[in-house]
Amino acid sequence: MHTLSLSQTTLFAVGFLCFAAFAWGVKGHFRSSGKLPPGMQLVSLVSFAGFIWFTYRIMAGCPLGHWKAALALFATSFLLFIWAIMASRSTPPTVAFETDQPEFLLRHGPFRYVRHPFYLSYLIFWTATAAAFVGFLPWAAPAVMLAIYQNAASREEGKFAKSELAAAYDQYRGQAGMFLPRASALLQG
């Protein structure tokens, strides 16, 4: 191990803050029927492994890439996560891969623009972990996590399609993008 530079220390500290907030969300915000579903257990395991890999690369002194952009992405990720928490505080959604039937539809706060702001905040986080370093290998984590979050979001959308909220959700899909806002939603403010 080597002595960490200010940029490495800052990257680690801000990345850790985000990761800790996400970990808190699993038990402190999202609803669950008890034991975490196997898919959510996998998400937790892969996320933890990805964060350990990010930490190792910081501690090992791997060459930094766009570390200032990574810091901005970490901040964006954290702020979006907090905004989504605030918007869903009174009606928290269930954890990923839960098999419950939806009973409500969130359409305010960041949910007004994207249907899955939590997954978007996580994807921004993983993009930050990759942008922090030089090379293509760090981009494996965001690619794997995108596939997992895409699967989780698709399952959740399938639950809505089979629920009493199907018609309302179909209309909502036309207004808000899955992970990226629709131009029409941005223009309406």
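Derivation of every value follows stated rules applied to the coordinates shown; laboratory data play no part. Source: prediction; values computed, not measured. With ideal geometry, Cβ positions are generated from the backbone for all residues, glycine too; neighbour counts draw on all protein chains shown.
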### Query
Restricting attention to the range 135-148, which residues are assigned to a helix (DSSP H, G or I) and free of Cβ contacts under 8 Å to residues at least 60 places away in the same chain?
137, 139, 140, 142, 143, 146, 147
### Task
Considering only the range 36-49, state which residues are of a type in the set (A, V, I, L, M, F, W, C) and either surrounded by 15 or more Cβ atoms within 10 Å (Cβ to Cβ) or under 15 Å from the mean Cα position of the chain (by Cα) (or both).
36, 40, 42, 43, 45, 46, 48
### Summary
Counted residues in the range 113-134 being surrounded by fewer than 18 Cβ atoms within 10 Å (Cβ to Cβ) and outside any loop (DSSP other than H, G, I, E, B) come to 0
### Task
For the range 12-42, enumerate the residues that are farther than 15 Å from residue 121 by Cα, part of a helix (DSSP H, G or I), out of contact with any helix residue (DSSP H, G or I) (no Cβ under 6 Å at 6 or more places or on another chain) and of a type in the set (A, V, I, L, M, F, W, C).
13, 40, 42
### Summary
Of the listed residues (88, 7, 33), the one being surrounded by 15 or more Cβ atoms within 10 Å (Cβ to Cβ) and either closer than 30 Å to residue 166 by Cβ or within 18 Å of the chain's Cα centre (by Cα) (or both) is 88
### Task
Can you tell me which residue within the range 136-168, out of those that are surrounded by 14 or more Cβ atoms within 10 Å (Cβ to Cβ) and of a type in the set (D, E, K, R), is farthest from residue 22 (Cα to Cα)?
159
### Query
What number of residues within the range 85-119 satisfy the criterion of being more than 21 Å from residue 177 (Cβ to Cβ) and among the aliphatic types (A, V, I, L, M)?
1
### Message
Step by step: first the residues of the range 50-60, then only those that are over 18 Å from the mean Cα position of the chain (by Cα) and in contact (Cβ under 8 Å) with a residue 40 or more places away in the chain, then the one that is surrounded by the most Cβ atoms within 10 Å (Cβ to Cβ). Which residue is that?
### Response
58
### Message
Anything in the range 1-11 that is of a type in the set (S, T, N, Q) and part of a loop (DSSP other than H, G, I, E, B)? List them, or say none.
### Response
3, 5
### Message
For the range 10-30, give me each residue that is crowded, with 18+ Cβ neighbours inside 10 Å and farther than 30 Å from residue 102 by Cα.
### Response
11, 14, 15
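Per-residue answers, yes or no, for (1) in contact with a Lys or Arg (Cβ under 7 Å, 6 or more places away or on another chain); (2) of a type in the set (Ser, Thr, Tyr); (3) touching a residue at least 40 places away in the same chain (Cβ under 8 Å):
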position: 86; (1), (2), (3): no, no, no
position: 92; (1), (2), (3): yes, no, yes
position: 97; (1), (2), (3): yes, no, yes
position: 102; (1), (2), (3): yes, no, yes
position: 107; (1), (2), (3): no, no, yes
position: 117; (1), (2), (3): no, no, no
position: 124; (1), (2), (3): no, no, yes
position: 153; (1), (2), (3): no, no, no
